[in-house]
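Structure first, commentary second.
Where a number appears in this text, it was derived from the coordinates with a stated rule and is not lab data. Note that the coordinates shown come from a computational prediction; the quantities given were computed from them, not determined experimentally. With ideal geometry, Cβ positions are generated from the backbone for all residues, glycine too; neighbour counts draw on all protein chains shown.
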Ligand SMILES: Nc1ncnc2c1ncn2[C@@H]1O[C@H](COP(=O)(O)OP(=O)(O)OP(=O)(O)O)[C@@H](O)[C@H]1O
């Protein structure tokens, strides 16, 4: 990046079709088609090594696909990757600023590196915008994990990119700092910045405008959280032991063990003294749980599947398809 970005991207920030990528013999991304509107926060979820980072990098022209085409910020991902890069801010998990420079010195350094005019003012503005006032003189290496992430975000947006790539940005950061970080991301998106973020946290997925679930190189679901849950067709019952149960933990464990062996039940997941019991065939699932309804101190209710239920179901089914 050489100067503040005055470039205005189109309404559709990213639009790609049939993207595939191989590393050696291994097909890491297979025939991926998707689009992202400008100003959206778009989340990528999926098991480790499933191709999320590879996908994100192809979407932004940082990596050339073996097949497929498309545009990022209205520019061709195959032929205009250098131009695209000028408008992209990339934040990885690893803290890559200078630990022995202060917050202000780091930001001024980044501003100079990217040719931002009036680097001292730009650094001051980033400090204000990200609520880092009072920490300008603190060494970056002395910041807590949450403040480091905030500083890294500040450095990333200094050159005023149009697209932000966040690769698991809040891994290991405490809930309050994560919440504040996400509030910043939403403010940036409201100003028109498009954000692609990969995460393993369900609460972060729920903070995105849209999500994509990728497993073993395949895009298995995309849309809003509600759309992804609805399209899963997953039926979930929650069974909970009340205080009246003679031994709540044992009661839940016994039900879990019995249901896990039933073919109508595709997933059983314990949560304290409750279980999530899921499957796709509502009638068969109902028949499977009926014998357990009469137990003392047990309450059953049908609930909307959680995003976690849906993701685990997608992962299990795609793994089965691979085998
Ligand atoms: N440059 C590369 N050369 C060879 N293999 C690679 C390269 N980059 C990624 N891979 C492999 O491609 C697969 C997908 O990697 P990728 O980083 O895209 O997955 P991911 O979904 O982002 O994983 P994670 O959640 O663990 O970050 C992995 O098996 C990885 O080892």
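Bin by bin, in steps of 10 Å, what percent of the Cα pairs in the range 1-112 do you find, going until the bin that has the longest distance?
Spelled out per bin, shortest first, that is 13, 38, 31, 16, 2.
Rounded to a whole number of µm²/s, how large is the Stokes-Einstein D of the range 123-258 at 10 °C and 1.306 mPa s, given Rh as the Kirkwood radius over C-alpha pairs?
This corresponds to a translational diffusion coefficient of 87 µm²/s.
Using 0.36 nm times the number of residues separating residue 243 and residue 79, minus their current alpha carbon distance, what extension gain do you get?
Contour length minus the Cα-Cα distance gives 52.6 nm.
Using the count of nearby Cβ atoms within 10 Å as a rough guide to exposure, how do 238, 116, 299 rank from fewest to most?
The order, fewest Cβ neighbours first, is 299, 238, 116.
Starting from 0.36 nm per residue, how many nanometres of slack lie between residue 283 and residue 171 once their C-alpha separation is accounted for?
Residue separation times 0.36 nm, minus the Cα-Cα distance, leaves 36.3 nm.
In units of 2.2 N^0.38 Å, what is the alpha-carbon radius of gyration of the chain?
Rounded to two decimals, the normalised Rg is 1.17.
Is the range 235-304 rounded, prolate or oblate when judged by the Cα gyration tensor, a ≥ b ≥ c being the square roots of its eigenvalues, rounded requiring a/c under 1.5 and prolate requiring a/b larger than b/c?
Here the range 235-304 falls in the prolate category.
Find how many whole Å separate the alpha carbon centroid of the range 76-109 from the alpha carbon centroid of the range 241-288.
One Cα centre to the other: 48 Å.
On C-alpha positions alone, give me the angle between the axis of helix 119-129 and the longest principal axis of the chain, in degrees, nearest 10.
Around 30 degrees separate the two axes.
By per-residue mean of other Cβ atoms within 10 Å, what is the highest-first order of 265-277, 239-251, 155-167?
Output ranking for 265-277, 239-251, 155-167: 155-167, 265-277, 239-251.
As a test of the formula, what do you get for the chain when each DSSP H run with n ≥ 4 contributes -39,500 (n - 2.57) and the sum is divided by the residue count, at 222 nm and rounded to the nearest 500 deg cm²/dmol?
Computed ellipticity for the chain at 222 nm equals -10500 deg cm²/dmol.
Using a 10 Å cut-off on Cβ atoms, rank the peptides 46-54, 286-294, 212-220 from the highest mean neighbour count down.
Final packing ranking: 212-220, 46-54, 286-294.
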